[in-house]
Amino acid sequence: MPTAQQAIKSVSEPSDPGLAGLLRGYRFRVCETAEAARKALDIRRRVYVDASGYRLPIPDAYDTRSWFLLAEEDHSGQPVGSMRLTPRFAGPLEAEEYFTLPRELRSPWAVEINRFAILPAYRKGKLFLPVVSLGLFKLVMRFLQTLDAEHMVIASKPERVWTYEWMRFKRTGLTARYAKLDYTEHELLSYDFRRAVTILEGHPFRDFFVELEYSEVVMPTCAPALGLGMGGNDEAFQFQASA
């Protein structure tokens, strides 16, 4: 198995001239209805509970104050991937069950990314990362940009840390075993969103994450209510769709 440094080197070398059509065939959106959120939760259930055997409640308490992201096949509308974004202004992050956050991550405008789930048939492709994965992270970048988020926070299993390092997440050196995920070890990483342009200088996918716009990435006109009918905050946060 390659080391993290070897993996990062191997995926950083190519310069792909086809970035403009990278997400073709998929659609990525922030869930704006309870029905869409249920589709995102169903993907999570199929990946975390049915496939991996974790004994997770779905939905859980954090879902009542989170946004949901959904990846779908464009032609069929078939849901294939999902993520959850939990803003810290709505309450403590799930990571805070296990970690004492560094001071700079205790901002109300820190957002945790977790419950990342992709159906098995969509986890491989011609690229080092699945298109579905890249599309969801492009949506994360675009959506959090509109919200003026300051930091992204993610807890990763050791074998996946290199993926986030490649995206220029910073390792905090903090590790903990997640009881609700069968006590598997996780490492805390963060990303200073205010420095996104600088952080990605020289990155082979800088234009993908920072410059290029994709019709496949569908932005809402305002940030949907947290929780979407699961007892969460009904407030929506206004922003300009073109921001």
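Values in this text are rule-based calculations from the coordinates and carry no lab data. As the structure is a prediction and not an experimental result, all values here were calculated from the model. Every residue, glycine among them, receives a Cβ derived from its backbone with ideal geometry; neighbour counts consider all protein chains shown.
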| field | Conditions (1) touching a His at 6+ places or on another chain (Cβ under 9 Å); (2) surrounded by 18 or more Cβ atoms within 10 Å (Cβ to Cβ); number of the one not met by Ser107 | value | (2)
| task | Can you run down the residue pairs with Cβ atoms below 7 Å, 6 or more apart or on separate chains, where the first is in the stretch 198-209 and closer than 14 Å to Glu165 by Cα and touching a residue at least 60 places away in the same chain (Cβ under 8 Å) and the partner is part of a loop (DSSP other than H, G, I, E, B) and of a type in the set (Gly, Ala, Ser)? | result | Pro204/Ser15
| Restricting attention to the stretch 95-127, and to residues there that are in contact (Cβ under 8 Å) with a residue 40 or more places away in the chain and of a type in the set (Asp, Glu), which single residue is nearest to Ala40 (Cα to Cα)? | Glu112
| said: Test of understanding: among Ala117, Ala95, Ala121, which residue is touching a Phe, Trp or Tyr at 6+ places or on another chain (Cβ under 9 Å) and not in a loop (DSSP other than H, G, I, E, B)? | reply: Ala117
| query | Does Tyr191 meet the test of being touching a strand residue (DSSP E or B) at 6+ places or on another chain (Cβ under 8 Å), of a type outside the set (Lys, Arg) and exposed (fewer than 15 other Cβ atoms within 10 Å of the Cβ)? | reply | no
| query | What tally of residues in the stretch 40-86 results from selecting those that are without any contact (Cβ under 8 Å) to a residue 24 or more places away in the chain, surrounded by 14 or more Cβ atoms within 10 Å (Cβ to Cβ) and part of a helix (DSSP H, G or I)? | reply | 2
| Residue check: is Ala155 crowded, with 18+ Cβ neighbours inside 10 Å, hydrophobic (A, V, I, L, M, F, W, C), in contact (Cβ under 8 Å) with a residue 60 or more places away in the chain and in contact with an Asp or Glu (Cβ under 9 Å, 6 or more places away or on another chain)? | yes
| task | Enumerate the pairs (first residue in the stretch 26-37 and touching a residue at least 12 places away in the same chain (Cβ under 8 Å) and of a type in the set (D, E, K, R); second residue anywhere and crowded, with 20+ Cβ neighbours inside 10 Å and not in a loop (DSSP other than H, G, I, E, B)) with beta-carbon separation below 7 Å, excluding pairs fewer than 6 apart on the same chain, so at least 6 apart or on different chains. | result | Arg27/Glu72; Arg29/Leu70
| note | Subset of the stretch 194-205, residues in contact with a strand residue (DSSP E or B) (Cβ under 9 Å, 6 or more places away or on another chain) and surrounded by 15 or more Cβ atoms within 10 Å (Cβ to Cβ), comes to Ile199
| said: Quick test for you: out of Met152, Met141, pick the one residue that is within 13 Å of the chain's Cα centre (by Cα), closer than 25 Å to Asp42 by Cα, not in a helix (DSSP H, G or I) and not acidic (Asp, Glu). | reply: Met152
| request: Could you pull out the residue among Glu213, Glu185 that is over 15 Å from the mean Cα position of the chain (by Cα), surrounded by fewer than 18 Cβ atoms within 10 Å (Cβ to Cβ), not aromatic (Phe, Trp, Tyr) and not in a strand (DSSP E or B)? | output: Glu213
| query | From Val80, Val49, which residue is of a type in the set (A, V, I, L, M), touching a strand residue (DSSP E or B) at 6+ places or on another chain (Cβ under 6 Å) and closer than 21 Å to Leu119 by Cβ? | reply | Val80
